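Structure first, then comments.
What follows draws every value from the coordinates through simple rules; no lab data is involved. Note that this is a predicted model, so its numbers are computed, not measured. Here the Cβ positions follow ideal geometry from the backbone for every residue, glycine too, while neighbour counts run over all protein chains shown.
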Amino acid sequence: MIRRRHALGLTLGLPALIGSARAQAFPDRPLSMIVPFPPGGQADLAARPIAAAMERLLGRPVVVVNRGGAGGAVGNRAAAQSAPDGYTLLMTLSSLAVLPEADRLFGRPPTYEVSQLEPVGRVLADPTLLAVPFNAPWRDLDALIADARSRPATIPYGSSGTYGTLHVAMEMFAHSAGIRLLHVPYQGAGPAVTAILAGTVQALASAPGVLLGHVRERRLRVLANWGAERIASFPDTPTFRELGHPSVEFYIWAGLFAPAGVPRPVMEVLRSALRKACEDPETVRVFAGAGSPVAYQDAPEFARFVEQDSARLIAAVRAIGRVE
């Protein structure tokens, strides 16, 4: 009986021992961090300092892999379908929940579901800003709205892809203002910024960190802020709420995810590494210098945040309806 009890105890303790062994062995090879957009956008801005810090902490390479396409859906899907072993991560944006809903809106099967991914933690959470070329004729939001009403669907704006983060933000504004703009989708925020700097498009919604340098160089002008409050890096830029559009609120958060099903001990290693990476002085310095301060949330709090923010964005997409 004693032998049986001893054997039973070993059996019951086996999962814990295996989990501990996995955590101690992890990672034993390089990790990949998928960014579902080209370089130059908010997700890429978030990924590179975090990957560098996690690489120092974990003692293994953390390679940033840009897999743009379909407003972020290509990279999101690749991560969602990856092996749940902790070696493939995803640094993605608030469009994560919008894209499957957009597929359903058009009667298409979603390429992935949010349930296929598990939050590791949030890194950034910036309000979106509305930028126009510095030499554009509009000095404030009212002037842009008046011009758009006089010539519907002719003022072009760039986005990171149909129903991507930047597209939804602009359509929320257009819907509230009762105007029609000309949507020009790109593979990501980086190419869209290049387009507005080249004069190919005349407006763009983007994160503060992506725009700050161009505004300082007087290449772009910011007209409005999608946040609930003004922000330190653009203190003179009014919110849409202040300008008479109380329902226009949108944030570009960036967060780290792993495929659902990663073993708990491995996930704990990843959460700890991300927390320490967000506290790393070099990470803090880089993000602060870009005008996008760290907005860290650990997995449980971030999961609740994603659920609430996604519900609001899905409701906005349904209100906007089918747009091209």
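Residue 121's amide H: which non-local residues (gap 5+, or another chain) put their own amide H closer than 5 Å, with H modeled 1.01 Å from N in plane and none for Pro or chain starts?
256
By how many degrees, 0 to 90 and rounded to 10, does the Cα axis of helix 141-150 deviate from the longest principal axis of the chain?
It works out to around 70 degrees.
Quick one: if you stick a label point 7 Å off each Cα along the C-beta vector at residue 284 and residue 108, how many nm between them?
In this crude label model, residue 284 to residue 108 measures out at 4.3 nm.
Relative to the first principal axis of the alpha-carbon coordinates of the chain, what is the inclination of helix 264-279, with its axis defined by its Cα atoms, in degrees from 0 to 90 and to the nearest 10?
50 degrees
Please list, in chain and number order, the residues 5+ apart from residue 224 or on another chain whose amide H is under 5 Å from its amide H, with Hs placed from the backbone.
Amide H to amide H, under 5 Å and 5 or more residues apart or across chains, residue 224 pairs with 130.
So how tilted is helix 189-198 from the main axis of the chain? Cα-based, degrees 0 to 90, rounded to 10.
Helix 189-198 sits roughly 20 degrees off the main axis of the chain.
Taking H as built 1.01 Å from N, whose amide H comes closer than 5 Å to the amide H of residue 64, not counting residues under 5 places away?
Here the answer is 33, since their amide H atoms fall under 5 Å of that of residue 64.
Give me a comma-separated list of calculated 3J(HN,Hα) values for segment 83-90, in order, Karplus coefficients 6.51, -1.76, 1.60 applied at θ = phi - 60°, integers in Hz, x for any Gly or Pro.
In residue order, the calculated couplings are 5, x, 10, x, 8, 10, 10, 9 Hz.
Given the DSSP H assignment, sum -39500 (n - 2.57) over each helix run of at least 4 residues in the chain and divide by its residue total; what's the result at 222 nm in deg cm²/dmol, nearest 500?
-14500 deg cm²/dmol, from helical runs alone.
Loop only by DSSP, 14 or fewer other Cβ within 10 Å of the Cβ. Give me the GluC sites (Glu not before Pro) in segment 93-201 that pass, ordered by residue number.
113
Short version: ³J(HN,Hα) in whole Hz for each residue of segment 228-234, in order, from phi by Karplus 6.51 cos²θ - 1.76 cosθ + 1.60 (θ = phi - 60°), x for Gly and Pro, what are they?
Calculated HN-Hα couplings, in order: 6, 9, 5, 10, 4, 6, 9 Hz.
Please list, in order along segment 180-186, the HN-Hα scalar couplings obtained from phi with the Karplus expression 6.51 cos²θ - 1.76 cosθ + 1.60 (θ = phi - 60°), rounded to whole Hz, x for Gly and Pro.
10, 10, 9, 7, 10, x, 10
Take the chain, connect every pair of alpha-carbon atoms lying under 10 Å apart with a spring to form a Gaussian network, then pick out the residue of 207, 148, 169 with the largest mean-square fluctuation.
Residue with maximal mean-square fluctuation among 207, 148, 169: 148.
Taking loop as defined by DSSP and a crowding limit of 10 other beta carbons within 10 Å, which trypsin sites (Lys or Arg not before Pro) in segment 146-226 fit?
Here the trypsin sites (Lys or Arg not before Pro) that fit, given the DSSP loop and packing criteria, are 218.
Return 115, 176, 95, 233 ranked ascending by Cβ neighbour count within 10 Å, so the fewest neighbours appear first.
Least to most surrounded, the residues fall as 115, 176, 233, 95.
If you put +1 on each Lys and Arg Cβ and -1 on each Asp and Glu Cβ, how big is the dipole of the chain around its Cα centre, in Debye rounded to 20?
680 debye
How high is the relative contact order of segment 129-225, in percent, with contacts defined as C-alpha pairs under 8 Å that are six or more residues apart?
Answer for segment 129-225 is 46 percent.
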